[in-house]
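The values are calculated or read from the model by the stated rules, or taken from the named source; none is laboratory data. Computed from a predicted model, the values in this text were never measured in an experiment. Virtual Cβ from ideal backbone geometry, glycine too; neighbours counted across all protein chains shown.
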Amino acid sequence: MNAAEHSTNVLVVGGGPSGLAAAIAARLRGFSVLVVDTAEPPIDKACGEGLMPDGVEALRQIGVAIPSAESVPFRGIRFIGDDRRVEGGFPQGPGLGVRRISLHRLLFERAEQQGVSFFWKARVTGLDAGGVWVQDRFVRAQWVIGADGLNSYVRRWAGLDRFRFHLEPQRFGFRRHFRIAPWTDFVEVYWGPGCQVYVTPVGPEEVGVAAISSRPQFRLEKALSLFPDLAARLQDAAPVTSERGAATASRTLKRVYRGRVVLIGDASGTVDAVSGEGLGLAFRQALALAPALESGDLSPYQSTHRSLTRVPLRLTSLMLLLDRSSWLRRRALRALASNPHLFQRMLAAHVGAVSAPGLMRDGISPLVLQMLKGAN
């Protein structure tokens, strides 16, 4: 942004993937868009780096194609734990494993191509009538989108920092990449006492490994010691990045907009990283937000936002219940292994191919019954 630019239709606070997706979607509707962020590209963050098929489709709709040279397709999810393993494939095509830094670059290039303006290494210091303060400069804006993450300032300034409920306490994830050819076309989720480890193929000779736990000092090395087979596989694999951490939680806001201020991505509420849906949700939220901005009525976005998170929140609650109870986890993995169709249905719901009522009817309820039978 240069000194002559003091107004824009849409100002996006936060230049991560959710902010860039919102900026692109708004620009495709004809809005002038300015993105402000304290960092500068490329922006990295610890995450599992697996995009579910619905997230890949949302990116396609805003014109972001991920080259095959920078991604690896995976056809489903595999759970491993307590001497059991169960896997399920996606019903509508593969997901993609892609390095977060590559994804950010592709989104930035697409936004720049569409004419989005940027003000990097700058801080938004407050909201005011008709605009925002970017350091000591006032920028007029018709709409302000808060895409500034889990601890959003925009959310607080707009009086939207009221949560409907907190599903779970905050947890902590740590991620590192290893130079090794992927050994499967599934994302593997290893279940252990109080933690999960995710292995995602992100390149022809590289995998991302992430550990999530409620313990802030619980690092990847400790997590791998709980899974000897995985540790042995990675023993001779050279680390290619340093370990990076981030917090994760499940939180739902009472409202995601007030007046001309609207939230997206982690600023608008979060689903624990165990779901693998953070980025996919943000991209689908961007698709819902753009037409709401165009119509001048944000209430449809509020409604769609809530419906998008309903299934991921329910499945996340179930998975974190299994995280807290080794007895329940063993029962669940045993039930899923003996009836893989249940896992397939739950995975289909997770990626939007089955409704929330369908998930309860054909997935969670039969799983509970199967677990009860196994307990007898």
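Which is assigned by TED's automatic domain parsing to the domain that holds Leu263, crowded, with 18+ Cβ neighbours inside 10 Å and within 24 Å of Asp266 (Cβ to Cβ), of Ile145, Ile77, Ile101?
Only one candidate qualifies: Ile145.
Scan (1) without any contact (Cβ under 8 Å) to a residue 40 or more places away in the chain; (2) among the polar types (S, T, N, Q); (3) over 30 Å from Gly296 (Cβ atoms) for the single condition Ser71 breaks and write down its number.
(1)
Any chance the stretch 81-95 includes a residue that's part of a loop (DSSP other than H, G, I, E, B) and without any contact (Cβ under 8 Å) to a residue 24 or more places away in the chain?
The answer is yes, given that some residue of the stretch 81-95 is part of a loop (DSSP other than H, G, I, E, B) and without any contact (Cβ under 8 Å) to a residue 24 or more places away in the chain.
Among the residues of the stretch 173-185, is any surrounded by 15 or more Cβ atoms within 10 Å (Cβ to Cβ), farther than 18 Å from Ala231 by Cβ and of a type in the set (Val, Ile, Thr)?
no
Taking the stretch 310-364 as the region of interest, how many residues are of a type in the set (Asp, Glu) and modelled with pLDDT of 80 or more?
Counting residues in the stretch 310-364 that are of a type in the set (Asp, Glu) and modelled with pLDDT of 80 or more gives 1.
Quick one: how many residues across the stretch 11-46 are among the acidic types (Asp, Glu) and modelled with pLDDT of 95 or more?
Result for the stretch 11-46: 1.
Among the residues of the stretch 227-242, how many are of a type in the set (A, V, I, L, M, F, W, C), surrounded by 10 or more Cβ atoms within 10 Å (Cβ to Cβ) and within 14 Å of Arg176 (Cβ to Cβ)?
Residues that pass the stated criteria total 5.
List every residue pair whose Cβ atoms sit under 7 Å apart, with the two residues 6 or more apart in sequence or on different chains, where the first one lies in the stretch 273-286 and is part of a helix (DSSP H, G or I) and the second, anywhere, is among the polar types (S, T, N, Q) and modelled with pLDDT under 85.
Once the first residue is part of a helix (DSSP H, G or I) and sits in the stretch 273-286, its partners that are among the polar types (S, T, N, Q) and modelled with pLDDT under 85 give Val274/Thr316; Ser275/Thr316.
Residues in the stretch 160-183 that are modelled with pLDDT of 95 or more and small (Gly, Ala, Ser): how many?
Qualifying residue count for the region: 1.
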